[in-house]
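So the structure is just underneath, and the comments pick up after that.
Read-outs throughout are calculated quantities, based only on the coordinates presented, and are distinct from any laboratory measurement. The model shown is predicted, which means the values in this text are computed figures rather than measured ones. Reconstructed Cβ throughout: ideal geometry from the backbone, glycine too, with neighbour counts over all protein chains shown.
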Amino acid sequence: MASQPVFKRTYVRTKPYPEEKVRIINELKELFSKYETVFVIDLHETSNRVLQEYRFWLRRRGARVIKAKNTLVLIALRQLMGSVSEDIEKLFTGENLLVFTNENPFELAKWIWGTGVRREAMPGDVAPFDLVAPAGNTNMGPGPIMSKFGKLKIPIKVQDGKIWIVKDTVVAKRGDKINEDAAEILKKLNVKPIFETLNIKAAIMKGKYVITTDELRIDTKAYRTMIEDAARGAFNLAVNTAYPTPEVLRVSIAKAHMEAINLAVNARYVTPETAQYIISRAAAEANALASVIAPKAPELGLQVVQQAQQTKTEATQAAAESKPEEKKAEEKKEEGPSEEEIASGLSSLFGG
């Protein structure tokens with residue numbers, strides 16, 4: 001026997017919504033239209049003190065913070081957008097807080113996670129660092145509380161009718177769960193070691209695009225490096241293609257000038273700019289050739305120009321002994337052979 005197809009039944013409301021609900025739905029629709037982004041915050045296990053602290057600062061940043069039933073939020077979105085995706089529907093379970101904002105969602109998420117509110121430790125919390133009961137007056141009178149100090153191995157003494165802690169004592173190491181006795185002692189000592197932030201489920205942009213928490217946690221240093229690399233690559237490509245922009249043209253023109261000089265020198269094309277390079281290169285090549293031939297054919301009488309530099313001691317000694325005119329001559333000589341010397345060397349080398 002063939003199985004009968006199963007049809008999914010959908011609920012269609014026939015009665016009008018109560019006036020209060022209609023007001024909330026209209027307000028939500030207005031907020032979704034006015035603000036670019038809404039953060040969905042999970043309020044499970046979020047203390048009221050932390051919530052109130054964040055409410056204050058978020059409002060100072062221009063955000064609108066409200067609580068509303070999940071069903072009313074989804075109704076408002078459906079009426080506004082026509083339909084709601086499954087990803088958005090999954091967000092609206094449990095108790096949520098809505099934060100409407102026009103800020104960059106990545107910047108606001110970074111601020112929320114980086115602005116923890118300090119609170120007292122509760123049993124079951126994990127110690128973020130070594131928690132210490134500080135030495136000194138606790139302002140607590142002797143009584144049953146002394147037994148808790150004993151359980152935690154905190155050395156104490158009674159002085160002037162008050163309990164004093166003899167020395168700093170670790171009551172919970174980093175990573176350990178805080179037990180009930182440690183939580184009570186830390187609370188009485190006014191130690192607030194826990195930094196609590198809002199638990200962001202996701203951000204919804206323009207009522208339909210979901211940005212998950214993993215996507216909101218961006219590595220700004222990595223992105224900066226990527227952007228810098230992209231900028232360098234783009235500039236290099238623009239220079240190589242001679243793309244005409246003011247920034248690129250300065251480099252392209254300088255590059256073209258150097259390439260033209262190099263081509264002219266290699267082609268022995270003499271101009272006022274290339275003459276010195278061509279002559280220097282010819283002199284160097286002639287000298288290199290002479291240094292190879294001279295040992296093999298001493299009868300040619302070739303002379304290799306040696307440009308040995310004086311040591312610092314010799315230069316200092318020579319400068320002290322020489323006259324000003326001689327110093328100038330030495331400085332001129334150290335700069336390299338003159339054009340006459342180069343011409344003489346070339347003629348002697350090639351039999352000119």
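Stokes-Einstein diffusion for the range 153-283 at 25 °C, viscosity 0.890 mPa s, with a Kirkwood radius from C-alpha pairs, works out to 103 µm²/s. Placing R0 at 22 angstrom, the Cβ-Cβ distance between N236 and N262 gives a FRET efficiency of 0.65 after rounding to 0.05. For the residue pairs K21/K201; K151/K188; K151/K177; K110/K188; K151/K173; K29/K69, the C-alpha atoms sit more than 23 angstrom apart in K21/K201; K110/K188. At 25 °C and 0.890 mPa s, grab the translational diffusion coefficient of the range 80-216 from Stokes-Einstein with a Kirkwood Rh over Cα pairs, rounded to a whole number in µm² per second. For the chosen part, D equals 134 µm²/s. Looking at the range 110-165, the chymotrypsin sites (Phe, Trp or Tyr not before Pro) that sit in a DSSP loop and have at most 15 other Cβ atoms within 10 Å of their own Cβ are F129.
Dipole of the range 143-299 computed with +1 at Lys/Arg Cβ and -1 at Asp/Glu Cβ about the Cα centre; of A267, W164, N179, farthest Cα towards the positive end is W164.
The trypsin sites (Lys or Arg not before Pro) of the range 167-272 that DSSP puts in a loop, and whose beta carbon has at most 13 other beta carbons within 10 Å, are K167, K173, R174, K206, R217, R268. Loop-resident GluC sites (Glu not before Pro) (DSSP state other than H, G, I, E or B) in the range 32-75 with no more than 16 further Cβ atoms inside 10 Å of their Cβ: E36, E45. Placing one identical point scatterer on every Cα of the range 130-193 and ignoring solvent, what is log10 I(q)/I(0) from the Debye formula at q = 0.20, 0.21, 0.24, 0.29 Å⁻¹? Treating every Cα as an identical point scatterer, log10 I(q)/I(0) equals -0.71, -0.78, -1.03, -1.50.
Computed on the Cα trace of the range 55-95, the radius of gyration divided by the Kirkwood hydrodynamic radius gives Rg/Rh = 1.07. Taking the Cα centre of the range 169-285 as origin and assigning +1 to Lys and Arg Cβ atoms and -1 to Asp and Glu Cβ atoms, the resulting dipole is close to 320 debye.
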